[in-house]
Amino acid sequence: MSTDAIWFALGADRDGILRLSKNDKKHAIELALKTWPERSQHKIADQIGCSQQFVSRVRAQVTTGCHLPDRVTGRDGKSYRARTDRRS
């Protein structure tokens, strides 16, 4: 499956009749972080249909002890320096 198809699938239920459960959203965030570690939390949250704070909490759980990217791509497509703080 192409990464474009995965990205589309992550956002497919965002506005649908059946809303994703919290566990479904967490799984989608984990998949997005694994596939696109350089994408910003805001961009991932917009695509999945959850809050940026939820993405931040999941990222903190998933990346504990892992290397985080130095730069991320924002919603506007521009590259930004990644935040180094671990706010939940």
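Here are the numbers for the structure shown:
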item	result
Pick from segment 14-64, criterion part of a loop (DSSP other than H, G, I, E, B) and hydroxyl-bearing (Ser, Thr, Tyr), ranking: nearest to Ser79 (Cα to Cα)	Ser40
Test: residue in segment 31-48 that is of a type in the set (Val, Ile, Thr) and within 18 Å of Thr63 (Cα to Cα)	yes
Neighbours by Cβ (under 6 Å, 6+ apart or cross-chain): first from segment 1-23, at pLDDT 75 or above; second of a type outside the set (A, V, I, L, M, F, W, C) and part of a loop (DSSP other than H, G, I, E, B)	Arg14/Gly49; Leu20/Asp13
When residues of segment 52-88 are limited to those that are small (Gly, Ala, Ser) and in contact with a helix residue (DSSP H, G or I) (Cβ under 6 Å, 6 or more places away or on another chain), the one modelled with the highest pLDDT	Ser56
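The values are calculated or read from the model by the stated rules, or taken from the named source; none is laboratory data. Here the structure is a predicted model, which means the values were calculated and not measured. Cβ: placed from backbone, ideal geometry, glycine included. Neighbour counts: every protein chain shown.
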